[in-house]
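The values are calculated or read from the model by the stated rules, or taken from the named source; none is laboratory data. Note that this is a predicted model, so its numbers are computed, not measured. Positions of Cβ are backbone-derived with ideal geometry, glycine not excepted, and every protein chain shown enters the neighbour counts.
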Amino acid sequence: MTSGPRLFLRLAFLAVSCLALVEPLWAQRPAKPDQPRRLYSISGFVHLGESLQQGAAQSRIELRDARGLLIRQKVTDSDGRFVFEGLGNGNYTLVVQQSGYLEAREEVTVHEAPVPMVMLSLRLDPNANPEPSLAGTISRQALAVPPKARSQYEKGVRELFEKRSSESSLSYFRKALELHPDYADAYYAVGIAQMNLKQTPEAEESLQKAIERDANHAPAHAALGAIYNLTRRPKPAQDALTKALSLNPASWQTNFEMAKACLALQDLTCAEEKARRAAELHSPLPAASLVLADVAVGRQNWSEAANHLENFLKAEPNSPHAAKLRERIQEFRARAQSLP
């Protein structure tokens, strides 16, 4: 760990002027009404263990967006197959959770084409009952949501996800919560909509309510950590993100937010590790280069800092911070040349 006020001031320069100005990962751009969306599909197969011959019939599968927002859910057919249609370009996560089995999760990217045959394998949980049944595999929490509440939630998701109208989505999510006050996903969705609307204190409260109702809601912990980062509370951010990573270590967003929290806490080793992990999970990730540049500045490795900023500008040549970053590159190159 690196410390010292003078060194930290150097380190903080990029984080405050550039990294903090990168659009938050949970933010959503408003839709352009005159821009038609091309829609595609994700299809696949849920099977048991290594055997591709045994499909997991009637298994509940969730489709979540890059922020962990539950978009849709359905049950596999008698052969274990599923199809989600009407999806725009973007990053999605498929999640299958069944009693007696380890969670199956797969990250999928839709880009100008449908995604066929995504394979998810359900493996026995060694800590569960020896003979789990796939009959009636929908979770208790899912069964507890009344159909009318689920209908209101799905209408809100269409407003938020498809129409990108955060304001109008809130009324549907709140109706869902009136019908089912313990609806953790609805509280999370409210929090996401409020983050889009820059209602940060309200979003924080909504995410905390989601966690109160489901302590293992990984996206809610991650989004709460992002809010703590945004409001410069790195230690609570680190705590929330540690919990999120324990539940879903393969989330690139959570790893990136953890890198930011570690950077603010001057834990350069952690910041570098998590930034590189985020970039491995989601490539390209230009913002990771800003974290790595900050780490290099903290270590007074000026040449490496300049290299990371150049990598960022190669990926984002039209960044609004490009002129300032080029000035820093020149400064860092000069510092590197002046070293003995």
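Residue under question is TRP252, and the condition is that it be crowded, with 18+ Cβ neighbours inside 10 Å and either farther than 29 Å from SER338 by Cβ or of a type in the set (Ser, Thr, Tyr) (or both); does it hold?
Details: crowded, with 18+ Cβ neighbours inside 10 Å: yes; either farther than 29 Å from SER338 by Cβ or of a type in the set (Ser, Thr, Tyr) (or both): yes.
Yes.
Do we have ALA237 as in contact with a helix residue (DSSP H, G or I) (Cβ under 6 Å, 6 or more places away or on another chain), in a helix (DSSP H, G or I) and not assigned by TED's automatic domain parsing to the domain that holds TYR92 here? It would help to see each step written out before you state the result.
Working: in contact with a helix residue (DSSP H, G or I) (Cβ under 6 Å, 6 or more places away or on another chain): yes; in a helix (DSSP H, G or I): yes; not assigned by TED's automatic domain parsing to the domain that holds TYR92: yes.
Criteria met by ALA237.
Could you check, for the stretch 39-53, whether at least one of its residues is surrounded by 13 or more Cβ atoms within 10 Å (Cβ to Cβ), within 24 Å of TYR172 (Cβ to Cβ), touching a helix residue (DSSP H, G or I) at 6+ places or on another chain (Cβ under 8 Å) and touching a residue at least 40 places away in the same chain (Cβ under 8 Å)?
Taking every residue of the stretch 39-53 in turn, none turns out to be surrounded by 13 or more Cβ atoms within 10 Å (Cβ to Cβ), within 24 Å of TYR172 (Cβ to Cβ), touching a helix residue (DSSP H, G or I) at 6+ places or on another chain (Cβ under 8 Å) and touching a residue at least 40 places away in the same chain (Cβ under 8 Å).
I need a count of the residues in the stretch 84-96 that are of a type in the set (A, V, I, L, M, F, W, C) and touching an Asp or Glu at 6+ places or on another chain (Cβ under 9 Å). Lay out the reasoning, then the answer.
Applying the first criterion (of a type in the set (A, V, I, L, M, F, W, C)) to the stretch 84-96 yields 84, 87, 94-96.
Next cut, touching an Asp or Glu at 6+ places or on another chain (Cβ under 9 Å) only: 94-96.
Summing the residues that are of a type in the set (A, V, I, L, M, F, W, C) and touching an Asp or Glu at 6+ places or on another chain (Cβ under 9 Å) in the stretch 84-96 gives 3.
Please go through the stretch 97-124 and give me each residue that is in contact with an Asp or Glu (Cβ under 7 Å, 6 or more places away or on another chain) and of a type in the set (A, V, I, L, M, F, W, C), ordered by number.
Residues satisfying the conditions are LEU102, VAL118, LEU120.
Could you grab me the full set of residues in the stretch 193-241 that are under 14 Å from the mean Cα position of the chain (by Cα) and over 26 Å from ARG158 (Cβ atoms)?
GLY225, ALA240, LEU241
If you check ASP182 against the conditions, is it within 30 Å of GLY100 (Cβ to Cβ), without any contact (Cβ under 8 Å) to a residue 40 or more places away in the chain and acidic (Asp, Glu)?
When the stated conditions are applied, ASP182 passes them.
Would it be correct to say that LEU281 is touching a strand residue (DSSP E or B) at 6+ places or on another chain (Cβ under 9 Å) and assigned by TED's automatic domain parsing to the domain that holds LEU268? I'd like the intermediate steps shown before the answer.
Details: touching a strand residue (DSSP E or B) at 6+ places or on another chain (Cβ under 9 Å): yes; assigned by TED's automatic domain parsing to the domain that holds LEU268: yes.
The answer is yes for LEU281.
Which residue, of LEU247, LEU230, LEU197, LEU177, is surrounded by 19 or more Cβ atoms within 10 Å (Cβ to Cβ) and either under 30 Å from PRO284 (Cβ atoms) or of a type in the set (D, E, K, R) (or both)? Steps first, answer last, please.
Working: LEU247 fails: surrounded by 19 or more Cβ atoms within 10 Å (Cβ to Cβ); LEU197 fails: surrounded by 19 or more Cβ atoms within 10 Å (Cβ to Cβ); LEU177 fails: either under 30 Å from PRO284 (Cβ atoms) or of a type in the set (D, E, K, R) (or both).
Of the residues listed, the single one that is surrounded by 19 or more Cβ atoms within 10 Å (Cβ to Cβ) and either under 30 Å from PRO284 (Cβ atoms) or of a type in the set (D, E, K, R) (or both) is LEU230.
Of these, LEU325, LEU313, which one is assigned to a helix (DSSP H, G or I), touching a residue at least 60 places away in the same chain (Cβ under 8 Å) and within 22 Å of GLU272 (Cα to Cα)?
Working: LEU313 fails: touching a residue at least 60 places away in the same chain (Cβ under 8 Å).
From the options LEU325, LEU313, the qualifying one is LEU325.
In this structure, is ALA306 assigned to a helix (DSSP H, G or I), under 30 Å from TYR188 (Cβ atoms), free of Cβ contacts under 8 Å to residues at least 40 places away in the same chain and touching a helix residue (DSSP H, G or I) at 6+ places or on another chain (Cβ under 6 Å)? Steps first, answer last, please.
Details: assigned to a helix (DSSP H, G or I): yes; under 30 Å from TYR188 (Cβ atoms): no; free of Cβ contacts under 8 Å to residues at least 40 places away in the same chain: yes; touching a helix residue (DSSP H, G or I) at 6+ places or on another chain (Cβ under 6 Å): yes.
Criteria not met by ALA306.
Does any residue in the stretch 97-116 that is among the hydroxyl-bearing types (Ser, Thr, Tyr) come within less than 7 Å, Cβ to Cβ, of a residue that is part of a loop (DSSP other than H, G, I, E, B) six or more places away or on a different chain, and which pairs are these?
Listed pairs, sorted by first residue: SER99/PRO132; SER99/THR137; TYR101/ARG123; TYR101/ASP125; TYR101/PRO132.
A quick yes/no check of all residues on (1) under 28 Å from SER246 (Cα atoms); (2) in contact with a Leu (Cβ under 7 Å, 6 or more places away or on another chain); (3) of a type in the set (Lys, Arg):
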| residue | (1), (2), (3) |
| --- | --- |
| GLU85 | no, no, no |
| GLY88 | no, yes, no |
| LEU94 | yes, yes, no |
| GLN98 | yes, yes, no |
| LEU102 | yes, no, no |
| GLU106 | yes, yes, no |
| VAL115 | no, no, no |
| VAL118 | yes, yes, no |
| LEU122 | yes, yes, no |
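Here is a check on your reading of the model: is SER283 at pLDDT below 90, out of contact with any Phe, Trp or Tyr (no Cβ under 8 Å at 6 or more places or on another chain) and hydroxyl-bearing (Ser, Thr, Tyr)?
Details: at pLDDT below 90: yes; out of contact with any Phe, Trp or Tyr (no Cβ under 8 Å at 6 or more places or on another chain): yes; hydroxyl-bearing (Ser, Thr, Tyr): yes.
So SER283 fits the description; yes.
Filter the stretch 269-288 for residues that are surrounded by 20 or more Cβ atoms within 10 Å (Cβ to Cβ) and within 18 Å of ASN229 (Cα to Cα) and give the result.
ALA271, GLU272, LYS274, ALA275, ALA278, ALA287, ALA288
For residues that are in contact (Cβ under 8 Å) with a residue 40 or more places away in the chain and charged (D, E, K, R), tally how many sit in the stretch 251-278. Walk me through how you get there before you give the answer.
If we filter the stretch 251-278 for residues that are in contact (Cβ under 8 Å) with a residue 40 or more places away in the chain, which is where we start, we get 251, 253, 256-257, 260, 263-264, 266-269.
Add one more test, that the residue is charged (D, E, K, R), and what stays is 257, 260, 267.
Qualifying residue count, the stretch 251-278: 3.
For residues that are touching a Ser or Thr at 6+ places or on another chain (Cβ under 9 Å) and in a helix (DSSP H, G or I), scanning just the stretch 289-301, find the one that is surrounded by the most Cβ atoms within 10 Å (Cβ to Cβ).
This residue is VAL295.
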